[in-house]
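The values are calculated or read from the model by the stated rules, or taken from the named source; none is laboratory data. Quick caveat, the model's predicted, so the values are computed rather than measured. Cβ: placed from backbone, ideal geometry, glycine included. Neighbour counts: every protein chain shown. Keep in mind that these areas ignore ligands, DNA and RNA; they rest on the heavy atoms of the full protein, side chains included. Shrake-Rupley method; radii C 1.70, N 1.55, O 1.52, S 1.80 Å.
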Amino acid sequence: MWLPCGGTSNYIVTHFRRRLFKAYFRDLGRRRCNVAAFMPEAAGFDGVSDRSALQEFSVSNSESFWAAVARQRLSWIRPFHTVQDCDLSRGEIKWFVGGQLNVSVNCLDRHVHTCPERVALIWERDESGSEVKVTYRELLEMTCRLGNLLRRHGVKRGDCVTIYMPTCPLAVASMLACARIGAAHNVVFAGFSAEALAERIRDAQSGTVITVNQGVRGGKVTELKKTVDTAVQSCPAVQQEMLKEDVVCEPAAMDSEDVLFLLYTSGSTGKPKGLVHTQAGYLLYAALTHRYVFSYHDGDVFGCVADIGWITGHSYSVYGPLANGGTTVLFESTPIYPDPGRYWEMVQRLKINQFYGAPTAIRLLLKYGDEWVHKYDRSTLKTLGSVGEPINTEAWEWYHRVVGDGRCPVVDTWWQTETGGICISPRPSDADAEIVPGMAMRPFFSIKPTLMDTEGKVLTSNDVSGALCIAQPWPGMARTIHNNHQRFIETYCRPHPGYFFTGDGAYRSKEGYYQITGRLDDVINVSGHRIGTAEIEDVLNQCAAVAESAVIGYSHDLKGQGVYAFVVLKNDVEVQGAALCQQLNNMVSKKIAKYACPDFIQFVQRLPKTRSGKIMRRVLRKVVERDLDGVGDLSTLDDPTAVQEIIQGHGDLCGKQP
């Protein structure tokens, strides 16, 4: 039908445009409301209308992002005047400069003011069904008593206190008590030997050690006090203590960059390195990742089953949940005590909403079958998490399908002691965003992953593999190595100047998702525990019968990686087979920990070396992996026949040791 004049046509077009614009702005407003509901700070970020835009803003406007989040989510004694002052090329990292706060106040006092009887900790003791609940008020009182005790015994701001305890409320209170009075804490995994403990006490220059008489795990009693007594014999600076104290302890005003804690992790040199984390940046990053990776909401029960002696326990059993006013589970037992249903019985009884565990445990439980899972009600679960090492596809799918009934997203998280908190994970993202089994996938807010080729050039395309670096600083990252900043620079900043080098390799898929492919240095990951091969070699070489050794990691169905040791004996030693293997394992257990003991010990006449004397670990790794085609050119070896002898010995050994 013809219109009688152009005026009506113009009116229809104009009216249509208005309706279109109104619909557009309604949709825009709706999306802005949604993203602001997701993260309230986003309301103040220009151009941020959805979660994708929020992620982009956090990377391109990192300072604005973290400034808004820090002001909103932390309680400050004095506000900061500079968001960040960082130079990765020189290993200089400072966040929230000029600000002052107290970490224990942020984790306890502010929640006591609003909800004193909310449960802060659920201590899942070794015996199933014997849990103990601790409210925020009770935890604050315990923390203050310990803080006063430490002060009365001369511990002052800037001192370092070593904590050697199982995962329990008193251990958490000890950490927070140190934070309250301005002392740094150095938590040492309670499975470490007296010698390993002593080394960490000395390096941290601790004058005080907090411990308990015994720990109980999997029905077995561990005499922790005896281990400490042995350790402190070589630590003359250590003092002892314990009495009743007042429930009020004045919190110290700490600068943002004052040391919060040291945590020792294995390096490739054989000497554990004490990574230093500071107050404000670490706490904020732990809190934000806890909230958004796991979609944690007020009233949820968060179940991280990691030991507090590791960074996972620090960030996601203690600091992250408590900063968010959450309820967090402290798990003291094992996945199979008293039976393989322990985790899921606990989920049912405690009504856990987010469960965060290691692939090693998932692989172990998978072997026991589905019935142990189906026996218990897991309907409260909303998110499942994986931490410590990449999770294989079979374990991921079982975790998702059987444990989560196919309805819980599985977040395979990548991060390190050095990063302070989760850096790459499938969430946060849109609820319907895909999750690929076995991939960490997406960077967290403000994290900018970069892949480098072997020549140190940035790989810009997808469907590539390279060395994983992070292109800009973030608040949660470690600041230095205790008493050795040069080592920090050489390890993390110098390999790729201007970038933080993680030491891991990664693959970026065609879709731009990240998958961690493993360590690039001589560090192996046993059941989620990082251990330097040189550290194990140092112990093996102390045996009077051993001339030299070489240790490598290999793929292990249960533990992720196992330990394989090649040992050269001195000429006058008669091999005693099993007896000598047992002796070497006992030495490793005593000086490091049981998890570091070699799964295989192969005695060899000589190790494959270059003419300059360097051990060719690449060759040893290929032999153990049975990838003989990948051994490559052996012409650079001093004695190529050594490789054939090792191949023969490996074949003979594989069926003889577990």
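When HIS113, HIS650 are compared by accessible area of protein heavy atoms, the largest-first order is HIS113, HIS650, using a 1.4 Å probe.
If you sort PHE444, PHE600 by accessible surface, 1.4 Å probe, largest first, the order is PHE600, PHE444.
Can you tell me the relative contact order of the stretch 394-480? Whole percent, Cα pairs under 8 Å, sequence separation 6 or more. Relative contact order of the stretch 394-480: 23 percent. Peptides 455-466, 35-46 ordered by packing proxy, namely the average of other Cβ atoms within 10 Å per residue, highest first: 35-46, 455-466. By the rule of a C-alpha distance below 16 Å, with chain neighbours fewer than 8 residues away ignored, the lysines paired with LYS594 are LYS220, LYS559. Suppose R0 equals 56 Å; then what is the FRET efficiency for LEU558 and ARG152 from their Cβ-Cβ distance, rounded to the nearest 0.05? The formula returns an efficiency of 0.75 here.
The C-alpha atoms of the chain define a longest principal axis, and helix 194-204 lies at about 50 degrees to it. Simple point charges give the picture: +1 on the Cβ of Lys and Arg, -1 on the Cβ of Asp and Glu, and for the stretch 464-597 a dipole about the Cα centre of about 460 debye. Taking 7 Å steps out from each Cα toward its Cβ at LEU634 and HIS374 produces label points 5.2 nm apart.
CYS86 sits with roughly 40 Å² accessible to a 1.4 Å probe, with DNA, RNA and ligands left out of the calculation. Set against the labelled values [x] 1.57; [y] 0.98; [z] 1.03, Cα Rg over 2.2 N^0.38 Å computed from this structure falls on [z].
For HIS290, the solvent-accessible surface computed with a 1.4 Å probe is close to 0 Å², ligands and nucleic acids excluded. Derived value for the stretch 466-547: Kirkwood hydrodynamic radius 15.2 Å. Basis is the mean of 1/r over every pair of different alpha-carbon atoms.
Relative to the longest principal axis of the Cα atoms of the chain, the long axis of helix 6-38 lies at roughly 40 degrees. Within straight cross-link reach of LYS225, meaning Cα distance under 16 Å, which lysines are found once same-chain residues fewer than 8 apart are removed? List returned: LYS590. In this Cβ point-charge picture (+1 for Lys and Arg, -1 for Asp and Glu), the chain has a dipole of about 1460 debye about its Cα centre.
Axis of helix 62-73 versus longest Cα principal axis of the chain: the two differ by about 90°, to the nearest ten degrees.
Remark: relative contact order (the stretch 362-421) = 39 percent; criterion is Cα-Cα distance under 8 angstrom and separation of 6 or more residues. For the chain, carbon and sulfur atoms together expose 51% of the accessible surface, with a 1.4 angstrom probe and every protein chain in place. Remark: the chain carries 42 Å² of accessible area per residue (probe radius 1.4 Å; ligands, DNA and RNA excluded).
Of the GluC sites (Glu not before Pro) found in the stretch 128-225, those in coil by DSSP whose Cβ has at most 12 other Cβ atoms within 10 Å are GLU223. Exposure check, 1.4 Å probe, all protein chains in place: ASP246 carries approximately 90 Å² of accessible surface. Taking 12 Å as the straight-line reach from the Cα of LYS351, the aspartates and glutamates in range (excluding those fewer than 8 positions away in the same chain) are ASP300, ASP377.
Over the stretch 85-185, Cα pairs under 8 Å with separation of 6+ residues give a relative contact order of 25 percent. The order of LYS273, LYS609, LYS594 by accessible area, most exposed first and with a 1.4 Å probe, is LYS594, LYS609, LYS273. In a shell of Cβ-Cβ distance under 10 Å around ASN186, excluding ASN186 itself, what net charge do Lys and Arg (+1) and Asp and Glu (-1) give? The answer is 0.
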